[in-house]
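S.K.: For reference, the structure I am asking about is given below.
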Amino acid sequence: MATAPVVVKVDLPETPYEIVIQPGLLDQFSLPEGFAIRYPRAVFITDDHVGKLWLAKLKRRLKKTIAQVDSIVVPHGERAKSVEVANSIWQRLLTFNADRHTLIIALGGGVIGDLAGFVAATYMRGLDFVQVPTTLLAQVDSSVGGKVGVNLPQGKNLVGAFWQPKSVLIDPAVLSTLSDREYRAGLAEVIKYGVILDENFFTELEKNVIGLVARNVDVMQHVVARCCEIKGTIVVADERETSGRRALLNFGHTFGHALEQVTGYSKILHGEAVAIGMCSAMRLAVNLKMIDDDLKARVEDLLVILGLPTKFPKIPADQILAAMQNDKKKGAAGVQLVLPSKLGSGKLVPWPGDDAVKNVL
Ligand SMILES: NC(=O)c1ccc[n+]([C@@H]2O[C@H](COP(=O)([O-])OP(=O)(O)OC[C@H]3O[C@@H](n4cnc5c(N)ncnc54)[C@H](O)[C@@H]3O)[C@@H](O)[C@H]2O)c1
């Protein structure tokens, strides 16, 4: 591995862990120091796409240090994030004699991270687990912070836990096999961090468009590390989303989730919905005189250059509005929206009224 690792610490008081970001990390895969002694058994959980690419290689490497290494491969896609698939994994773990000393390794995108993390949180009242995220969305967002869970037919992420990984191992080089669409969708979450939490980072992204589009591993190592740092800091400040700080990460998400919901979670990827949601939130912030039009245009320009959508498809505004008002993150004060107050900072604002929201859909 030519490039040195970047290590980001998530300093949670009871469950601290390190995120290691290094191009080529999967080629030389090994667990952090001490893990091979702590865990005599390990089980990879992955999906069929990712499994084909790396599972055999990673198992071979891990078997050099861990006595028993097993694997469970589930079908790719959101539908695997279900109680039924979780149950099938619990059953397989029993056949492997997995016990409290078994380490779960989640190898894949956000679906696998959430599902394997949920299985780890629940099997025998909790096993340790490591995240090895392979999509951009998972590397910059879902693998950090400990939210794990599955969907119910009634909605997404309705059953789950806060269960922090013991380590997160990230290889930005694996992004090269990701489809263009999935990769771009991950970039929406990257831009989100800049707009709502870090002005300098946003400016860097603007300067690095060529490297971002080319998936340059050095650029991506830096970008992924900065996103993990930002998310890690927020998670340490507000692990369980109680103080409002972690809620800032929902910038663009109240609009985005509504769009995903009304389109049946099939036509629009999460990151695409977030890109559209961020643009609506920016338009609303302009209308509420919180930011000027130039900032909105600047963010839209970056999204467009990176191939992301900025406008809602033609869907009746009332449907979107109804879905927004059912947002599961609605608190006692009703639905709140995260809006930017200037580049790099934002705040939670009360629902500004149906007409104000309809105007920006
Ligand atoms: N826990 C959290 O904090 C959090 C945050 C955001 C999103 N999520 C969840 O993440 C999920 C979405 O995750 P996602 O966007 O990573 O989707 P995903 O896990 O479905 O992965 C997308 C597709 O890419 C494939 N893939 C993964 N890595 C690849 C690679 N390197 N090369 C080629 N193909 C690869 C997968 O097999 C899959 O087909 C949703 O369920 C969402 O709810 C969780």
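S.K.: Right, ALA273: out of contact with any Asp or Glu (no Cβ under 6 Å at 6 or more places or on another chain) and in the same structural domain as THR233 (by TED's automatic domain parsing) or not?
M.R.: So ALA273 does not fit the description; no.
S.K.: One residue is enough: does segment 4-11 have a residue meeting the conditions within 17 Å of GLY113 (Cα to Cα), open to solvent by less than 30 Å² (accessible area, probe 1.4 Å), more than 15 Å from the ligand (Cβ to nearest atom) and not in a loop (DSSP other than H, G, I, E, B)?
M.R.: no
S.K.: Let me ask another. From (1) small (Gly, Ala, Ser); (2) without any contact (Cβ under 8 Å) to a residue 60 or more places away in the chain; (3) assigned by TED's automatic domain parsing to the domain that holds MET220, pick out the condition that doesn't hold for ALA185.
M.R.: (2)
S.K.: Take THR233 and tell me if it is surrounded by fewer than 19 Cβ atoms within 10 Å (Cβ to Cβ), at pLDDT 95 or above, among the polar types (S, T, N, Q) and over 24 Å from LYS207 (Cα atoms).
M.R.: Yes; evaluated as a whole, the condition is true for this residue.
S.K.: Right, something else. Looking only at segment 240-271, which residues are outside any helix (DSSP H, G or I), among the small types (Gly, Ala, Ser) and more than 14 Å from the ligand (Cβ to nearest atom)?
M.R.: Correct list: SER243, GLY244, GLY264.
S.K.: May I pose another question? Select from segment 73-106 the residues that are more than 9 Å from the ligand (Cβ to nearest atom) and in contact (Cβ under 8 Å) with a residue 60 or more places away in the chain and list them in ascending order.
M.R.: The answer is SER82, VAL83, VAL85, ALA86, HIS101, THR102, LEU103, ILE104, ILE105, ALA106.
S.K.: Give me the pairs, please: first residue somewhere in segment 230-259 and not assigned by TED's automatic domain parsing to the domain that holds GLU14, second residue anywhere and of a type in the set (Ser, Thr, Tyr) and open to solvent by less than 50 Å² (accessible area, probe 1.4 Å), beta-carbon distance under 8 Å, and either six or more positions apart or on two chains.
M.R.: Pairs that qualify, where the first residue is not assigned by TED's automatic domain parsing to the domain that holds GLU14 and the partner is of a type in the set (Ser, Thr, Tyr) and open to solvent by less than 50 Å² (accessible area, probe 1.4 Å), are ILE230/TYR193; LYS231/TYR193; GLY252/SER280; PHE255/SER280.
S.K.: Looking at segment 1-38, which of its residues are among the aromatic types (Phe, Trp, Tyr) and within 30 Å of ASP238 (Cβ to Cβ)?
M.R.: Correct list: TYR17, PHE35.
S.K.: Condition test on VAL130, is it in the same structural domain as GLN91 (by TED's automatic domain parsing), open to solvent by less than 10 Å² (accessible area, probe 1.4 Å) and near the ligand (Cβ under 10 Å from one of its atoms)?
M.R.: no
S.K.: Go through segment 286-311 residue by residue and tally those that are within 12 Å of ASN359 (Cα to Cα) and either assigned to a helix (DSSP H, G or I) or of a type in the set (Phe, Trp, Tyr) (or both).
M.R.: 2
Yes/no per residue for (1) without any contact (Cβ under 8 Å) to a residue 12 or more places away in the chain; (2) open to solvent by less than 70 Å² (accessible area, probe 1.4 Å); (3) touching a strand residue (DSSP E or B) at 6+ places or on another chain (Cβ under 6 Å):
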{"position": "ILE19", "(1), (2), (3)": "no, yes, yes"}
{"position": "GLN28", "(1), (2), (3)": "no, no, no"}
{"position": "GLY34", "(1), (2), (3)": "yes, yes, no"}
{"position": "ARG38", "(1), (2), (3)": "no, no, no"}
{"position": "ARG41", "(1), (2), (3)": "no, yes, yes"}
{"position": "TRP54", "(1), (2), (3)": "no, yes, no"}
{"position": "LYS57", "(1), (2), (3)": "no, no, no"}
{"position": "LYS63", "(1), (2), (3)": "yes, no, yes"}
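S.K.: Something else now. Failed condition for ILE45, given (1) open to solvent by less than 50 Å² (accessible area, probe 1.4 Å); (2) at pLDDT 95 or above; (3) farther than 29 Å from ARG92 by Cα, with all others met?
M.R.: Of everything listed in (1) open to solvent by less than 50 Å² (accessible area, probe 1.4 Å); (2) at pLDDT 95 or above; (3) farther than 29 Å from ARG92 by Cα, ILE45 misses just condition (3).
S.K.: Search segment 148-199 for residues being among the hydroxyl-bearing types (Ser, Thr, Tyr), more than 7 Å from the ligand (Cβ to nearest atom) and over 15 Å from CYS228 (Cβ atoms), and hand back the single one that is surrounded by the most Cβ atoms within 10 Å (Cβ to Cβ).
M.R.: The extreme case among them is TYR183.
S.K.: Okay, moving on. Looking at ASP238, ASP294, ASP318, ASP301, which one is surrounded by fewer than 19 Cβ atoms within 10 Å (Cβ to Cβ), acidic (Asp, Glu) and more than 22 Å from LEU197 (Cα to Cα)?
M.R.: Exactly one residue qualifies, and that residue is ASP318.
S.K.: Got a number for residues in segment 135-147 being in contact with a helix residue (DSSP H, G or I) (Cβ under 7 Å, 6 or more places away or on another chain) and open to solvent by 10 Å² or more (accessible area, probe 1.4 Å)?
M.R.: Of the residues in segment 135-147, 4 are in contact with a helix residue (DSSP H, G or I) (Cβ under 7 Å, 6 or more places away or on another chain) and open to solvent by 10 Å² or more (accessible area, probe 1.4 Å).
The values are calculated or read from the model by the stated rules, or taken from the named source; none is laboratory data. Just so it is clear, the model here is predicted, and its values are computed rather than measured. Every residue, glycine as well, gets a Cβ built from its backbone with ideal geometry; the counts of neighbours run over all protein chains shown. Note: accessible area is taken over every heavy atom of the protein model, side chains too, but ligands, DNA and RNA are not part of it. Shrake-Rupley method; radii C 1.70, N 1.55, O 1.52, S 1.80 Å.
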